[in-house]
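Please read the structure below before turning to the comments.
The values are calculated or read from the model by the stated rules, or taken from the named source; none is laboratory data. Just so you know, these numbers come straight off a predicted model, no measurement behind them. Positions of Cβ are backbone-derived with ideal geometry, glycine not excepted, and every protein chain shown enters the neighbour counts.
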Amino acid sequence: MRLDKIARQLKLLFAVFLLGFALLHCLSVGAVAQPQDAAADKPLNRDRAEDKSALSWPKPTVENRPWTRWWWLGSAVDKENLTAQLTQFRQGGLGGVEICPIYGVKGYEDRHIEFLTPRWMQMLAHTTQEAKRLDLGVDLTTGTGWPFGGPGVTDETTSVAVSLTHYDLQGGGRLEETLPNMPMQYVAAVAGDGRRIDLTDKVRNRRLEWQAPQGQWRIYAVGLRNRVQRVKRAAPGGEGYVVDPYSTKALDQYLGVFDKAFEDFEGPMPRARFHDSFEYYNATWTRDFFEVFKTLRGYELRDHIELLFGDGDKEMVARVKSDYRRTISDLHVAYIEHWTQWSHRYHSLSRNQAHGAPANLIDLYAAADIPETEIFRTVDQRQIPMLKFSSSAAHLAGKPYASSESFTWLGEHFQTSLAEIKAATDLLFLGGVNHLFFHGIPYSPQDAPWPGWQFYASVNMGPNGGLWRDMPAYTAYVTRCQSILQSGTPDNEVLLYWPVEDLWHNEEGLWMAMTIHNQDKWLWTSPFYQTAITLWGKGYPADYVSKRLLGKARWVEGAVVLGSGRYQVVIVPPCRVMSPETLEKLISLTRDGATVLFVDAPPQDVPGLFDRDNRREQLHRVLRTLGDVGRQGGSVWQKNIGSGRVMVGELEKMLTASGLMRETGADKGLGIVRRSHPQGHHYFLVNLSNKPLDDWITLARPAHSAVLMDPMFEDRTGLAAVRHTSDGQTQVYLQMQPGQSLIVRTFADLAVTGPSWCYTQPADSSHTLNGTWRVEFIDGGPTLPQPFETTDLVSWTKRDDPHAECFAGTARYTLKFDRPDATADVWRLELGKVCHSAKVFINGSCLGTLICEPYAIDMDASRLQAGQNTLVVEVTNLAANRIRDLDRRGVNWKYFYDINIVNVDYKPFDASDWPLQDSGLLGPVKLVPLGALDPHTIIARKPTLYIIGDSTVRNVTTPGQWGWGEPLTEWFDDQRITVVNRALGGRSSRTFLTEGLWDAVLRDLKAGDFVLIQFGHNDGGSLYQGRARASLKGIGEQTEDVILEATGKPETVHTYGWYLRRYIRDAKAKGAIPIVLSLVPRNIWNEDQTQVIRAADSYGGWAEQVARQEGVYFIDLNDIVARRYEQVGPETVGNVYFGRDHTHTTPAGAAVTAKLLAEAIDKLQDCPLKQYLKPQNSGH
C-alpha cells in the first residue's frame, strides 16, 4: 500500500536525521561543563558535544503546530473568505484544519452550498490548495455533522435498534397482543422444561398465529427498528439517517457518494479523513447479527435467546451477553478498519475517536492511523487513564500521532481563558496526546458583524472568540511541546492489560457504551482503573494493551516489543476471566524473558459460552504451569519460568521486587511523560502540585548531561545542573512554579556544552512598582474607552466610563519607574493579578507574553537601566463583558439553525445576567531581585514554620492565658525545623497586613518554609471607628473605601477571603507552603449545653472555601476542637480550658488545641510539614 511506502520513506528520513544529529554532537568541540558526580571514582569516557542543536527546539512541522476543527456553517463559504481565514490561522500559529460542515446560518441561506456538489468540491479544492501554499494541513470529516450518515443511507443500510419483548403464555392459549410494529428477526417460544420452538414463520401482520402446547411458555420476540437516528447537526445536503456502524456493506454504499464526488477532484487530497466519537445512538444490532454471531462466537445465539433477554442463570446470562458485546465490538472495529482502508485509497490517513463505542476501545483506537481522544468539561488527573487508551493504541500500533479533540465545553462561551486552556493542554500531553485539535473555530465571513458566526459549544479559539490577540504565544507553546512529544519513541516500561471481558461479563443491561461522560459507571470503579491510577501516581510510565494486540507482542533483545514500545513488565490487574490463549501468550512471553505480574491472583475462568468446559480446562492447564509458587517478600509470590518470571500479589510490592525504576518526581507532584531520542531521553514535566518545586529530582533513566527547555519561551534553554548519587542514579535540579511545564533533554554519554540554565534565589525583598500608570485602549470594541491615568490598579470595568464595562480587547499600561536600589543578577517582574493575558515590554524591548499564573517573567539585570525605566504591559481581557452587553441590549447575534447557541448546560444562551468580569492589570506589580544559584553548592537548610494569627494563637500579655502557638512548638523536632510564632493579639486578617506584620514575615520567608494562618476572631466590628480592624464579610472581591476615624487616612477595605488569599498567594510566591486553619471555637454552647457553637457559616466556612479555591492545605480546627470540647463537657471546658472569658484559653486549653492541631497536621495527605513532627507524635 501507498501508506506502507510512505511509512518506510519516513523511517528512512528519520534515520538519516538521527544520524546527522549524532554526527553534529560527535564532531562539535567546546569547553565541557562537567556535572558533579558522587561516584567520582568511576572512569568516564564521554563524547563531547557543542550545544546548538542540543539546546535548540526542533524546526516546527505542520503536525507540530496545533490544528483546529473548522466548522463550515451551512457550507456558506467563498474563496475570498476561505483564503483570508486560512491566512489568519497561519499567522496565529496553527498547523492545519479539520473541515466539518454543519447546519446553516439564518439570513445567509443564499450562500449555503449543498454538501459534495460540484461547487462544494470546488471550495474544498480551493481550501486544500491554499492550505498547501500557506503550509497548513487539511483533514476532512467523512460526512456532515456526526456520525456518518446522510441522504444516501437507505432503509437497508441505516442503523437499527434491537427490540427484545417477551410474553408469557399458558398451554392451549394464544397470544392476544400484537407484536411490535417492526420487522421480526426471530420469534421463539421456550417452555419451562427447556422445549423451544421457532415461531418466526408464524407471524402474520404483527399477530402470532400459534397455539401453545401444554406447559408454561415464554415467547421471545426479536425485532428491528429502522431509522433510529438522523445525522446530528447536519449541513445542507448532508441530512439523512445514520448508517449502520456494524456493517461494512452499508459503509461501502455510504462511501460510494464520496467516491463519485472525488472522481474529478482537482486539489490536493485531505491529509486525513475523520470519524467523530461513537454517537450512533440506539444502534444495538445489525441485520445479519445472528449469522455473524454464529461465525464469530461459534454457536447459535437463537438456541440461547432467553439468556440474551436476561432469563435464566445469572452466570449464563452474563456469558451470552458478554459474547453479544464482544461481537458488537468486533463488528465496529472491522467497520473502522474498512473505512481506514478506504481512506488509504485516496492517499489519506484515518483519524478516529473510539470513545463512546460499545467496543474494545484499545482495538478501536488502533484501527485508525491517528487515534483521537477528547476532554469534555472536566479536566483533572482522574482523566489520565481514559486519555491513555488512545495514546496506548498509537504506541502499540507504531503510529506517531495521538490526537485530541481539545477543550470542548471547558468553560462557558467567552469565559474560558488561555490560562485554563494551557492547564488542560498539559493534562492532554500527560495523557500521551501529541497532536492537538482545537474544538474549535467556526468559519465566519468578514462581513458578519461581531462576534461573527458561532458554534453552539465552546471554546471558540478563533479570531472572534476573544483569545486571538495573544493566541500566538499559546500556539507557540503547543508547537514547542509537540515538537518534542512527536519526536523519538515512547519510553513506557509497563504494559497494563485491559480485561475488557470482565466488564462485558455482566448480566445487567445489554448494550455497553464506554463514553467520556460516564467513566464513573464503567471505568473508575474497576480494578483496572485503580491499577492504572496507582501506576500513574507512583511514576511508572505505562501503556494499556488489549488481548488482540498482546497477541502480536514479541520478546526481542531484552524487552517485550509491540509497535514503537519496548516493555519490561506486563501487569494483569485483578480480573475474573481471561481466554486461555491470552494466558498462554503471557506465559510464552515469560519463558522468553518477560516479567508478568498478576495483581492479587491470576484469572480463574474463561469468558463467553462457547466450549466453556474445554476452554476452562485449557486455562487451568496453563495455570498449572505456575506450579506451587513459594511466598517471598511477605505479599509477593514468584516463580521463574524459562528466562522470565511470574509474580502474584500486591501491586506496589511486586513493582519494587521487579526492579523497575520509577520516576520518583511523581512524589513531588510532577506529571511525567518520557520519550527516548537517539542519545538519551526527553522528559515532559508539569508541576501539578500547588507549591513551587525547588529541588533535585531523580531520573529513572541514567544521563551524563541534560538540557532544560521552557516551552513557554523559545530562547529559555540551558544546561541543567546534573549530579550522580553513590548508587549511580542521575539527578537534575529543577525550579518550577505550580502549573509550570518544562522539557528535560538528557544525553546518556554526551557531555553537552553551552549556556547554563539560569537558576535563581531571592537576593533581597521585592519592590512594589508604584506610581502613575498611563492606560490607553488600543484594540477591541465595541468602542475604545477613554485613556486615563491612575495610581491604583483596579479592573477597568470599575472606571466611570460607559464604554469600559462592555469593552473586550486590549489596553496598554505604561509606567515610568526608577530602578530599585538593590543588587540582582536577575530581576523577576511579577504582574500580580492579570485579566487575562499580557504582553510585556521593558524599555521598548518585548520580554514575552504571559497567559497564565504566576504572570511573572525573569529578565537579565542588564535590562534595567540606571535611573528611569519604562514598563509597558498590554493586557487583553475576555470577550464576556461585550457578549453580556449584546444580550442586555437585545442584539440578535444568535441566528443559527438547529441548536443555535446554548450554554454549558444546554439551555438557551443568555449572558445578560452575567456579573461583570474583572479586566486589565490588577497587580500588585513587583520587581523581585534574584541572585544566581549554583545548585551544587546548596546546603540543606532547616525550614521554618511561621504562625500568624491573633491572641488565640499567641497571648503573651495576659497572665494565665495562652494561645495554642506556644505549646505547638513542643510537637515539632527543633533539630529539623524552626517554629516562629508571629501572631499578635488584637489583630484581624486586615490589620495583620495593614500594620506591616505580614511584610515582616515575608522578608524572612524562604522557599520550603511553612505558614499556618488563622484569623477571624477580630474580623468583626467597625470598618473605620475605634480599632477599625474589621474586614468585609465573605470571600468575594468587593471593597469599601473608608476614612479611618483615628488617623483621618483613607483605606480600601477588602473581604476576609481577600486577605486570606493575599497571605496564601504571597507565601506561595516565595516558595513557602501555606496551611489555612479555621478559627478555634469560643466557649459558647447551645441552650442545652450539648454542642459548641461553630463558625461553619461564617469565618470558619469562609476559610475553608478560600483554601479549596486556592488549592492549599486546610485544617478545620474550629470543628476539631469543638468536638473535643463536647467530649469532655462544658464544665471541664469552662473550668480547665478557659479562664477569664470565653475566647482565650488557659495553658491547659492551649495545650489541648496544640495537640489536636499536631494530630491534624499528621493526617494531612501529602503535606510535607508532617515529616518534621517528632517521631512519637507522627503516625509514620
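Listed by position, the helices (runs of 4 or more DSSP H) inside segment 1028-1137 whose residues that are polar (S, T, N, Q) and surrounded by fewer than 21 Cβ atoms within 10 Å (Cβ to Cβ) number at least 2 are 1099-1110. Criterion applied to 520, 543 was being among the acidic types (Asp, Glu) and under 22 Å from residue 673 (Cα atoms), and the one residue passing it is 543. Candidates in segment 199-241 are the residues that are in a strand (DSSP E or B) and under 30 Å from residue 77 (Cβ atoms); of these, the one that is nearest to the chain's Cα centre (by Cα) is 232. The set of residues in segment 551-592 that are crowded, with 21+ Cβ neighbours inside 10 Å and either of a type in the set (S, T, N, Q) or assigned by TED's automatic domain parsing to the domain that holds residue 316 (or both) comprises 582, 590.
Condition check ((1) surrounded by fewer than 21 Cβ atoms within 10 Å (Cβ to Cβ); (2) among the basic types (Lys, Arg); (3) within 24 Å of residue 737 (Cβ to Cβ)) across all residues:
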residue: 922; (1), (2), (3): yes, no, yes
residue: 962; (1), (2), (3): no, no, no
residue: 980; (1), (2), (3): yes, no, no
residue: 997; (1), (2), (3): yes, no, no
residue: 1014; (1), (2), (3): no, no, no
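The number of residues in segment 894-906 that are of a type outside the set (Ser, Thr, Tyr) and more than 16 Å from residue 103 (Cα to Cα) comes to 3. Can you say whether residue 57 is of a type in the set (Phe, Trp, Tyr), at pLDDT 95 or above, in a loop (DSSP other than H, G, I, E, B) and in contact with an Asp or Glu (Cβ under 7 Å, 6 or more places away or on another chain), as far as the supplied structure shows? Considered against the rule, which asks whether it is of a type in the set (Phe, Trp, Tyr), at pLDDT 95 or above, in a loop (DSSP other than H, G, I, E, B) and in contact with an Asp or Glu (Cβ under 7 Å, 6 or more places away or on another chain), residue 57 comes out as yes. Taken residue by residue, segment 764-776 has no member that is surrounded by fewer than 19 Cβ atoms within 10 Å (Cβ to Cβ), touching a Lys or Arg at 6+ places or on another chain (Cβ under 7 Å) and closer than 29 Å to residue 52 by Cβ. Checking 150, 173 one by one, the residue that is over 28 Å from residue 321 (Cα atoms), touching a residue at least 24 places away in the same chain (Cβ under 8 Å) and loosely packed, with under 14 Cβ neighbours inside 10 Å is 173 and no other. If we scan segment 48-70, do we find a residue that is in contact (Cβ under 8 Å) with a residue 60 or more places away in the chain and over 27 Å from residue 480 (Cβ atoms)? No, the conditions are met nowhere in segment 48-70.
Could you please let me know if residue 404 is at pLDDT 95 or above, of a type in the set (S, T, N, Q) and in contact with a helix residue (DSSP H, G or I) (Cβ under 6 Å, 6 or more places away or on another chain)? Taking the combined requirement at face value, the residue satisfies it. Does residue 1009 satisfy the criteria of being modelled with pLDDT under 95, surrounded by 22 or more Cβ atoms within 10 Å (Cβ to Cβ), within 39 Å of the chain's Cα centre (by Cα) and closer than 14 Å to residue 947 by Cα? Taking the combined requirement at face value, the residue satisfies it.
Take residue 548 and tell me if it is touching a residue at least 24 places away in the same chain (Cβ under 8 Å), more than 30 Å from residue 729 (Cα to Cα), under 29 Å from the mean Cα position of the chain (by Cα) and surrounded by fewer than 17 Cβ atoms within 10 Å (Cβ to Cβ). Criteria met by residue 548. Here the condition is being under 34 Å from the mean Cα position of the chain (by Cα), modelled with pLDDT of 95 or more, at negative phi and not assigned by TED's automatic domain parsing to the domain that holds residue 313; of 609, 693, 699, 619, it holds for 699 alone.
Of the residues contained in segment 180-191, one or more are found to be under 12 Å from residue 164 (Cβ atoms) and among the hydroxyl-bearing types (Ser, Thr, Tyr). For the residues 837, 756, the requirement of being buried (at least 19 other Cβ atoms within 10 Å of the Cβ) and either in contact with a Ser or Thr (Cβ under 6 Å, 6 or more places away or on another chain) or under 30 Å from residue 937 (Cα atoms) (or both) singles out 837.
Only strands (runs of 3 or more DSSP E) whose full extent lies in segment 799-842 are considered here, and the ones with at least 2 residues that are within 27 Å of residue 413 (Cα to Cα) are 808-818, 833-835, 837-842.
Scanning segment 286-306 for residues that are touching a helix residue (DSSP H, G or I) at 6+ places or on another chain (Cβ under 7 Å), assigned to a helix (DSSP H, G or I) and farther than 14 Å from residue 326 by Cα yields 302, 304. Considering the conditions (1) assigned to a strand (DSSP E or B); (2) under 27 Å from residue 64 (Cβ atoms); (3) modelled with pLDDT under 95, residue 761 is excluded by exactly one of them, (2). Contact map, segment 123-143: residues that are within 16 Å of residue 343 (Cβ to Cβ) and touching a residue at least 24 places away in the same chain (Cβ under 8 Å) paired with residues that are among the hydroxyl-bearing types (Ser, Thr, Tyr) and surrounded by 19 or more Cβ atoms within 10 Å (Cβ to Cβ), Cβ distance under 7 Å, separation 6+ or inter-chain. Pairs shown: 138/127; 138/128.
Can you say whether residue 198 is at pLDDT below 95 and either more than 30 Å from residue 364 (Cα to Cα) or among the basic types (Lys, Arg) (or both), as far as the supplied structure shows? Spelling it out, it is not the case that residue 198 is at pLDDT below 95 and either more than 30 Å from residue 364 (Cα to Cα) or among the basic types (Lys, Arg) (or both). Looking only at segment 788-812, count every residue that is surrounded by 14 or more Cβ atoms within 10 Å (Cβ to Cβ) and farther than 21 Å from residue 869 by Cα and tell me the total. Total satisfying the criteria: 15.
Confirm whether residue 543 is buried (at least 18 other Cβ atoms within 10 Å of the Cβ) and in contact with a Gly (Cβ under 7 Å, 6 or more places away or on another chain). For residue 543, the condition - buried (at least 18 other Cβ atoms within 10 Å of the Cβ) and in contact with a Gly (Cβ under 7 Å, 6 or more places away or on another chain) - is met.
Restricting 1155, 1163, 1174 to those that are out of contact with any Gly (no Cβ under 6 Å at 6 or more places or on another chain) and farther than 30 Å from residue 1089 by Cβ reduces the list to 1174. Listed by position, the strands (runs of 3 or more DSSP E) inside segment 65-164 whose residues that are of a type in the set (Phe, Trp, Tyr) and closer than 23 Å to residue 354 by Cβ number at least 1 are 67-73. When 1169, 1117 are checked against the criterion of being in contact with a strand residue (DSSP E or B) (Cβ under 7 Å, 6 or more places away or on another chain), farther than 12 Å from residue 1077 by Cβ and either among the basic types (Lys, Arg) or modelled with pLDDT of 90 or more (or both), 1169 stands alone in meeting it.
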